[in-house]
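**Student:** Submitted below is the structure of interest, expressed as structure tokens.
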Amino acid sequence: MGVRDPLHAPGRPGWTCLACGDGWPCVQRKEQIRELTAGDQVLMSIYMRTYLGDACVDLSHLAVEQVKERLMGWVTPCPL
Ligand SMILES: [Zn+2]
């Protein structure tokens, strides 16, 4: 393997990070997404929204608002 950081991908259905084991999105993944989108809030929202449906299904024991906050609350301002 190279020297690149591992992809901090979400492990389903628990939504813990496959690389570091933190709750997803972990700090490292948020940094990766910021780099990926050059810090564009709209792109970050769109990117995170692609995970929202799956997360709501897997984390059905949580309120939708909680899942939304976890995935998108760190992207400000949240347009939803
Ligand atoms: Zn991680």
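Computed from the coordinates by the stated procedures, all read-outs in this text should not be read as laboratory data. These numbers come from a predicted model, not from an experiment. Cβ atoms come from the backbone with ideal geometry, glycine included; neighbour counts cover every protein chain shown.
**Student:** Considering only the chain, give the helices (runs of 4 or more DSSP H) lying wholly within it that have at least 2 residues that are surrounded by 15 or more Cβ atoms within 10 Å (Cβ to Cβ) and either of a type in the set (Val, Ile, Thr) or more than 16 Å from the ligand (Cβ to nearest atom) (or both). Don't jump to the end; show me each part of the working.
**Tutor:** Numbers: elements: 27-36, 41-58, 64-72.
Result: 41-58, 64-72.
A quick yes/no check of all residues on (1) of a type outside the set (Asp, Glu); (2) within 18 Å of TRP15 (Cα to Cα):
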position: LEU43; (1), (2): yes, no
position: TYR47; (1), (2): yes, yes
position: TYR51; (1), (2): yes, yes
position: ALA55; (1), (2): yes, yes
position: ASP58; (1), (2): no, yes
position: LEU62; (1), (2): yes, yes
position: ARG70; (1), (2): yes, yes
